[in-house]
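Structure first, then comments.
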Amino acid sequence: MTRIAHVSLFYADDKAINDLLLSSNRFTKTRLLDIARMRGLHLSADLTQRELARQLSVLDFSWPQLEALLAYVVSAERAERFTDRQLKTTASVDQILAALKKVKEKRASSEEIYSSSASGNSVAVKVVYAETDESLTMLRQYSQRDLNLLVEIDPAGTVRVRHQASDMGNRIMAAFREALADEVKVKELEQAEVSLRAVANLEQRTRFFTELFRLTSLTLKDVRRVSTSTRMITDGAEEDSEEDWELEDPDATGVVRSLAMSGSNVIAS
């Protein structure tokens, strides 16, 4: 989950507000005029979007008012990808909790908030951390994210860990693996995971998943209702305005004949 984090500033100056209002096409002329009216400022509809943003930027914004502006540009949450790893070792719940405590102490300088709860042979962990994206304007650079790990003890002699497939998830997982190895008194824990990073061919990836479905009770169905975009999102491009361009036809009951898609978009969706 992503949220805009509180930035340690005395106030947001006019440049920061102006940059925010011009950073996304969600701030249309109509929306800027509505924001001005809500602040008791009546501006001409003949003004350009840049002129409206400049007029609004000279106003004072409290933190709640600033949060209201930021809410316009926060993208809707997408379902995050998760990954599973198996550590070949036997461990108790107490050892897992002790290993997590070592991870927290080792990463104390990272300003992360850890919370955990044990139930039976599993331990649920939540890590709250801040993420910085310096490619965005100042007021949008800092966001707060959650990382969830589920650690389960298998009586067969393995420890299964499920977490978000993100850089932070991989770093926390590596630290946990090292700490647990120290708890169970082994030099290094052997790790097993399924990865398709080396499979670049999209047809082979598709075949892997279709064959995998056949081993389960799940069924594959034709997609008859599709949300499409009028533009392609290129690697590295901002996606904050994707919702403005997204179109959905609730009456589309026929099979889609043609749809432009790329492998990167399919994987990221």
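No lab work stands behind these numbers, since they all come straight from the coordinates. All values derive from a computational prediction rather than experimental measurement. Glycine also receives a Cβ, built like all others from the backbone with ideal geometry; neighbour counts cover every protein chain displayed.
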**Study point:** Environment charge at Gln164 (Cβ cut-off 10 Å; Lys +1, Arg +1, Asp -1, Glu -1)
**Key:** 0
Exercise for review: Rank by packing, highest mean first: peptides 56-65, 202-211, 175-184, 80-89, with packing defined as the count of other Cβ atoms within 10 Å averaged across residues.
Suggested key: 175-184, 80-89, 56-65, 202-211
Review point. Where a Cα-Cα gap under 29 Å defines reach, which lysines qualify for Lys185, not counting those fewer than 8 residues away within the same chain?
Key: Lys88, Lys101, Lys102, Lys104, Lys106, Lys126
Exercise for review: Compute the signed sum of charges (Lys and Arg +1, Asp and Glu -1) over the other residues within less than 14 Å, Cβ to Cβ, of Lys101.
Suggested key: -2
Study note, to complete from the structure: the range 17-80 and the range 146-216 have their Cα centres apart by a whole-number Å value of 43 Å
**Study point:** Taking only Cα atoms of the range 121-188, radius of gyration then Dmax in Å
**Key:** 15.5, 51
**Study point:** Where Rh is the Kirkwood radius over Cα pairs, Rg/Rh for the range 9-145
**Key:** 1.18
Practice item. Rank these for me by crowding, His42, His163, going from fewest to most other beta carbons within 10 Å. Key: His42, His163
